[in-house]
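Scroll down for the structure; my scribbles are underneath it.
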Amino acid sequence: MRRAHAILRLPAACSAVAALLVLATTAEAKKFRYAAGPKAPEDTVLSVAELELEPIVRKRGPRVPATNLQLVSMVANTAFERALGSAPLQQGAAVMLAPAGSHPLNFVVEHAVLRQLAKRGVVANVRHDVVRDDSLLALAGNPGDPVLEYQLATARITYLRLRGWLPGRVQIERQALVEGTLTLRDPKKSTVLWVGDAAFNLVDAFPRGQLALAEDARYSDLKSPIPQRNVDKVFEPVVVVAVVAGLVALFFQNRP
């Protein structure tokens, strides 16, 4: 309360300057946040991550980071939830869910799609292999039920950079990226009724010492090389401290 009263006594000019400094610092931090990250390919709509996920905090025990598979699953849930938002599926409808291509993480997409279909009240007949026949009539659960096919194009984890300098405090910044498509087809004629793009990425950070907890040996495709520090980033704090020290020494030297 005392600190709040002290702030209220500041003149209006000082308050304006302080507000400008806070805004400038926030804008600079937000601009620098992804300055060291890799540039997005030209053929993708993903330029920067949309969210930042803090490590999972339990009521008792240490902070536990989400594994790479958990992070990809959460990103897939968001990506395919947005993709199904425009799907012409009403409550009480029935579809046959099938993959359009083989991928080791197809089960992640299947879970994400079934999760959203259940929320919308859509009944799904699940098929785990690719439908290769042009005629889907014999494979549909009921005559006339459309076939919803999912295609997982990209599902990966990328380690972007190291954050922090103190031993034991260094964190690895990682990005989870999921891209895919959904296609709704008429089983009688194989006509495409609707197509939806699924794309989402997310950036978070976890302690470097917990790398073994984040990586799962069963899913080696979700591992990424640990980034190294750039030389200019190492010497940048040293140069800043030297310049500040020189200015302070010059100030005291010129004093009468």
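What pairs come out if I take residues in the stretch 143-167 that are more than 30 Å from residue 188 (Cβ to Cβ) and in contact (Cβ under 8 Å) with a residue 60 or more places away in the chain and pair them with residues that are open to solvent by 30 Å² or more (accessible area, probe 1.4 Å) and of a type in the set (Asp, Glu) whose C-beta lies under 9 Å away, six or more apart or interchain?
155/179; 155/221; 156/221; 157/215; 157/221
From the list 125, 106, which residue is at pLDDT 85 or above and within 21 Å of residue 77 (Cβ to Cβ)?
So the residue among 125, 106 that is at pLDDT 85 or above and within 21 Å of residue 77 (Cβ to Cβ) is 106.
Enumerate the pairs (first residue in the stretch 90-117 and without any contact (Cβ under 8 Å) to a residue 60 or more places away in the chain and closer than 11 Å to residue 149 by Cβ; second residue anywhere and open to solvent by less than 10 Å² (accessible area, probe 1.4 Å) and of a type in the set (Phe, Trp, Tyr)) with beta-carbon separation below 7 Å, excluding pairs fewer than 6 apart on the same chain, so at least 6 apart or on different chains.
99/150
Just wondering, is there one or more residues in the stretch 204-216 that are in contact with a Leu (Cβ under 7 Å, 6 or more places away or on another chain) and open to solvent by less than 30 Å² (accessible area, probe 1.4 Å)?
Yes: one or more hits.
Can you tell me which residue is nearest to residue 87 (Cα to Cα) among those in the stretch 191-225 that are touching a strand residue (DSSP E or B) at 6+ places or on another chain (Cβ under 6 Å) and of a type in the set (Val, Ile, Thr)?
Applying the filter and picking the extreme gives 195.
Considering (1) at pLDDT below 80; (2) part of a strand (DSSP E or B), say which one residue 182 fails and leave the rest.
Here residue 182 clears every test but (1).
Would it be correct to say that residue 191 is surrounded by fewer than 14 Cβ atoms within 10 Å (Cβ to Cβ), more than 15 Å from the chain's Cα centre (by Cα) and of a type in the set (Ser, Thr, Tyr)?
yes
So, of the residues in the stretch 86-136 that are hydrophobic (A, V, I, L, M, F, W, C) and in contact with a Pro (Cβ under 7 Å, 6 or more places away or on another chain), which turns out to be surrounded by the most Cβ atoms within 10 Å (Cβ to Cβ)?
If we take residues in the stretch 86-136 being hydrophobic (A, V, I, L, M, F, W, C) and in contact with a Pro (Cβ under 7 Å, 6 or more places away or on another chain), then 95 is surrounded by the most Cβ atoms within 10 Å (Cβ to Cβ).
The values are calculated or read from the model by the stated rules, or taken from the named source; none is laboratory data. The structure displayed is predicted, hence computed values, not measured ones. So basically every Cβ, Gly included, is an ideal-geometry build from the backbone, and we count neighbours across all protein chains shown. Heads up: the accessible areas ignore ligands, DNA and RNA and are worked out on the full protein's heavy atoms, side chains in. Shrake-Rupley method; radii C 1.70, N 1.55, O 1.52, S 1.80 Å.
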